[in-house]
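**Student:** Before anything else, here's the structure in question.
Every number in this text was worked out from the coordinates using simple rules, so none of it is lab data. Every value quoted in this text rests on a predicted model; they were computed, and no experiment measured them. Every residue, glycine as well, gets a Cβ built from its backbone with ideal geometry; the counts of neighbours run over all protein chains shown.
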Amino acid sequence: MELENRLTKAIPTDQKALDYLKLGKMSLAISPSLAQRLYAEKYILSNQNFVCPTDKCSAAVTCRSIALNSKNSPTFINHSRIINEHISDCPYNLSNSDAVNPSNYIADKRFNFESSDEIFSSLSPAHGFQPPEKSKSSRDVKNESDVDATNRKQKKANSLNKSNTIKSKTAKKHLNTLKAHVELYNHDQDFLISIENYKEPIKIKSMFRPLTSNVQFRDLQTKKGVCIYYSDAFLSKTKKDKVLRLSFKSPINQGNGKQIYPSLIISKEYIEDEYHDIYNQFSSGKETTFKVYITLPFLKVEKDDRTYINFSSFKKPETISAFEKELFYNIYITNVSK
């Protein structure tokens, strides 16, 4: 697991948020999910308004995917990907990487599994991760959160009462996002996960393969296994202001000694909103190497007497749009592991 993903709590710097937490006699070190709620309610004004929770350490922290309508769940990361701002004895200082046990720091509450839990992957080999037909608005999500908050105490009490009289059944949980798969993989590569139409659970590491193992759209129906592909990549500008080029560093052999590097075009706004730390580094002119996980199939494109390897939608053999939700649901970016 990457060091930054061990930051499961951070302290907001907005005075309004601090006053709210103090009034409620709550810890100033809050979770990403609480940060998201306080951001929606205007107690926190920016995803960058956080610092490290370690005493006397003021390293800047960013909450990635803080918006309620974000495609990914919120996660705390170091604001700077270049400068190590943590004090020398902070457990999040890169030089103290061994001081923090990854097994004790899980970025997503869904990974606090019991030994009896049966974990299913929602990744389809033929359709990947498909966005819901009708996305909920931020207002809808907030209203549902308010309703949940109102009933939470009663539900918890009922659950506790039932647990005293009814034997609990084996829980079935689903990993519904690419991010969830990546985080579980980084937590425990040998974790057993169930796949539709598989007789036995498999180790999650068997789902992860180098990008060079990816297949063309035409081969999806004959592809064996449920796969998540990974590769180092970098960003570059295009002739259009609203999109960026994401180029992969994994060459694909085409025969006769010829190699082609896959790439795709992606919304600049999406990168800026979902991966603010990476976008900031890119826009400052510094190297932007990071790791990308993707499930979309390859698509070979012939244009102007040149051959390109892009990525296709699961629905039809066409280069996926830079603004397509299906792209956002089937790609996840994280820092390159140290």
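**Student:** Each label point is 7 Å from the Cα along the Cα-to-Cβ direction; what then is the distance between the points at residue 284 and residue 23, in nm?
**Tutor:** Here the answer is 3.6 nm between the modelled labels.
**Student:** Could you work out the local net charge near residue 220, counting Lys and Arg as +1, Asp and Glu as -1, over the other residues with Cβ closer than 12 Å to its Cβ?
**Tutor:** +4
**Student:** HN-Hα J couplings of region 175-181 from phi, Karplus 6.51/-1.76/1.60, θ = phi - 60°, integer Hz, Gly and Pro as x?
**Tutor:** Whole-Hz 3J(HN,Hα) from phi for region 175-181: 8, 9, 10, 5, 4, 4, 5.
**Student:** What's the percent breakdown of Cα-Cα distances in region 177-330 across 10 Å bins, shortest bin first?
**Tutor:** Taking all Cα pairs of region 177-330, the binned fractions are 10, 37, 36, 15, 2 percent.
**Student:** How much length is gained on full extension from residue 209 to residue 89, taking 0.36 nm per residue of separation minus their Cα-Cα distance?
**Tutor:** Gain in length upon complete extension: 39.5 nm.
**Student:** Now a separate question. Can you list residues from other chains, or at least 5 along the same chain, whose modelled amide H is less than 5 Å from the amide H of residue 208?
**Tutor:** 228
**Student:** How far apart, in nm, are two points set 7 Å out from the Cα along the Cα-to-Cβ line at residue 239 and at residue 199?
**Tutor:** That separation, rounded to one decimal, is 5.5 nm.
**Student:** Could you tally the net charge around residue 21, taking each other residue with its Cβ under 14 Å from the Cβ of residue 21, Lys/Arg +1 and Asp/Glu -1?
**Tutor:** Once positives and negatives cancel, what remains is +2.
**Student:** Can you give the Kirkwood hydrodynamic radius for region 16-72, in Å, rounded to one decimal and based on Cα pairs?
**Tutor:** This gives a value of 11.8 Å.
**Student:** Antiparallel as a % of all DSSP beta bridges within region 208-334, to the nearest 5?
**Tutor:** Given both bridge residues lie in region 208-334, the antiparallel proportion sits at roughly 90 percent.
**Student:** Give me the extension gain from residue 173 to residue 16: residue separation times 0.36 nm, minus the current Cα-Cα distance, reported in nm with one decimal.
**Tutor:** In short, 52.8 nm is gained.
**Student:** Along the Cα→Cβ direction, 7 angstrom out, place labels at residue 222 and residue 70. What is the inter-label distance in nm?
**Tutor:** Here the answer is 4.2 nm between the modelled labels.
**Student:** Using the Cα centre of region 208-334 as the reference point, and only Cβ charges (+1 on K/R, -1 on D/E), how large is the resulting charge dipole? Debye, rounded to the nearest 20.
**Tutor:** Roughly 420 debye, rounded to the nearest 20.
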